[in-house]
Amino acid sequence: MELTRLMRHRPDVVVIGLRTASGGAIQEVRILRSAIPDAIVIVLSDALSLPLRRACLRAGASYCFDRTLELDALRLALTGLGTASTS
């Protein structure tokens, strides 16, 4: 994770892809949330199970999506964020 670069740029939205459901992946979400508390954190994962979704949300993710099944939901969330920022 390019945390130093992210902290320097202070993005409004950060999309992070989790390759595994390990504790290290959840820790990345936790670190990201701590480093950039105002950012919207979107987690994408293959085969996102309910326990992993809950763990990501507890770790600080704003949204969690299964990148193989929930692309429409991701698109709608991003569209909603874009609409909210222009209001």
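Any read-out appearing in this document is the output of simple, stated calculations on the displayed coordinates, not a laboratory observation. All values reported here derive from a predicted model rather than from experimental measurement. Every residue, glycine among them, receives a Cβ derived from its backbone with ideal geometry; neighbour counts consider all protein chains shown.
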Taking every other residue with Cβ under 9 Å from the Cβ of L18 and scoring Lys and Arg +1, Asp and Glu -1, one gets -1
Take S34 and R8, extend 7 Å from each Cα along the Cα→Cβ direction, and tell me the distance between the two endpoints in nm. 2.2 nm
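Just add up the charged neighbours of E2: K/R +1, D/E -1, any other residue whose Cβ is under 14 Å from the Cβ of E2. Could you put the intermediate results ahead of the total?
Working: positive: R5, R8, R10; negative: E28.
Around E2, the surrounding residues sum to +2.
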About the Cα centre, charge dipole magnitude for the stretch 3-73 (Lys/Arg +1, Asp/Glu -1 at Cβ), debye: 320 debye
Give me, ordered by chain and number, the residues 5 or more places off C64 or on other chains with an amide H under 5 Å from its own placed amide H. V43
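Can you pull a Stokes-Einstein diffusion coefficient for the chain at 25 °C (0.890 mPa s), Rh from Kirkwood over Cα pairs, as a whole number of µm²/s? Let's see the in-between values first.
Values: Rh = 13.2 Å.
The calculation lands on 186 µm²/s.
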